[in-house]
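Notes follow once the structure below has been shown.
The values are calculated or read from the model by the stated rules, or taken from the named source; none is laboratory data. Just so you know, these numbers come straight off a predicted model, no measurement behind them. With ideal geometry, Cβ positions are generated from the backbone for all residues, glycine too; neighbour counts draw on all protein chains shown.
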Amino acid sequence: MTCTLILTRHAKSSWETDAPSDHARPLNTRGVRSSIALGAWLRDSGYVPDHVLSSSAQRTRETYELMELGASASFIERLYHASSEVMFQVLREAESKQLMLLGHNPGIAAFAHAILHHAPAHSRFEDYPTGATLIAEFPIDDWSSISWNSGRTVDFVVPRELLGE
């Protein structure tokens, strides 16, 4: 049996906003377009999660909503700017076999590097830009059995590739 992880960094957010805090910053226009494109790519590729574990920040909520994946979601405060260790613990508690984790850098980039056996040969994997999405499979029956460096890359994409930018 395998478990599949869809690891996505939120889409591009706006720095020109009246949001009262970083947590409340919304997506910008490019972030909206990127989220819609990522959702279409995930659906067309058959990478639709059963459940989404997301940071509680406004920009991750908007990214999730605009993807229109039809999956239920849990918005978790401890995923807001979480370290790779916190992401690992949240993942170990998950129950769905095909899961999306939606978060922020620098934690999500560190987590992506630490969870895979071999990184994908992609020029943007190192910096994991906004909207970057990794599809990885793990040879486990449930997430409580996951270990570091055990994932196999299935796919990796950044929104610019989908938008032709």
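Might you let me know whether the range 41-50 holds any residue that is without any contact (Cβ under 8 Å) to a residue 12 or more places away in the chain and assigned to a helix (DSSP H, G or I)?
First, pick out the residues of the range 41-50 that are without any contact (Cβ under 8 Å) to a residue 12 or more places away in the chain: 44, 46.
Add one more test, that the residue is assigned to a helix (DSSP H, G or I), and what stays is 44.
Checking the range 41-50: at least one residue is without any contact (Cβ under 8 Å) to a residue 12 or more places away in the chain and assigned to a helix (DSSP H, G or I).
Do the conditions hold for Ser74, that is, is it free of Cβ contacts under 8 Å to residues at least 12 places away in the same chain and surrounded by fewer than 19 Cβ atoms within 10 Å (Cβ to Cβ)? Can you show your working first?
Working: free of Cβ contacts under 8 Å to residues at least 12 places away in the same chain: no; surrounded by fewer than 19 Cβ atoms within 10 Å (Cβ to Cβ): yes.
Judged against the criteria, Ser74 is not a match.
Check Arg30, Arg9, Arg43, Arg59 and return the single one that is over 21 Å from Arg124 (Cβ atoms) and not acidic (Asp, Glu). Give the derivation first.
On the way: Arg30 fails: over 21 Å from Arg124 (Cβ atoms); Arg9 fails: over 21 Å from Arg124 (Cβ atoms); Arg59 fails: over 21 Å from Arg124 (Cβ atoms).
Answer to the selection: Arg43.
State all residues of the range 132-159 that are over 17 Å from Asp44 (Cα atoms), in contact (Cβ under 8 Å) with a residue 60 or more places away in the chain and not hydrophobic (A, V, I, L, M, F, W, C); if no residue qualifies, say none.
Glu137, Pro139, Asp141, Asp142, Gly151
List the residue pairs whose Cβ atoms are under 7 Å apart, where the first residue sits in the range 10-25 and is over 9 Å from Arg59 (Cβ atoms), the second is charged (D, E, K, R) and at pLDDT 85 or above, and the two are 6 or more positions apart or on different chains.
Thr17/Arg25; Ala19/Arg25
Restricting attention to the range 56-65, does a residue exist that is outside any loop (DSSP other than H, G, I, E, B) and surrounded by fewer than 18 Cβ atoms within 10 Å (Cβ to Cβ)?
Of the range 56-65, the ones outside any loop (DSSP other than H, G, I, E, B) are 58-65.
In the following step, the residues that additionally are surrounded by fewer than 18 Cβ atoms within 10 Å (Cβ to Cβ) were identified as 65.
Within the range 56-65, one or more residues are outside any loop (DSSP other than H, G, I, E, B) and surrounded by fewer than 18 Cβ atoms within 10 Å (Cβ to Cβ).
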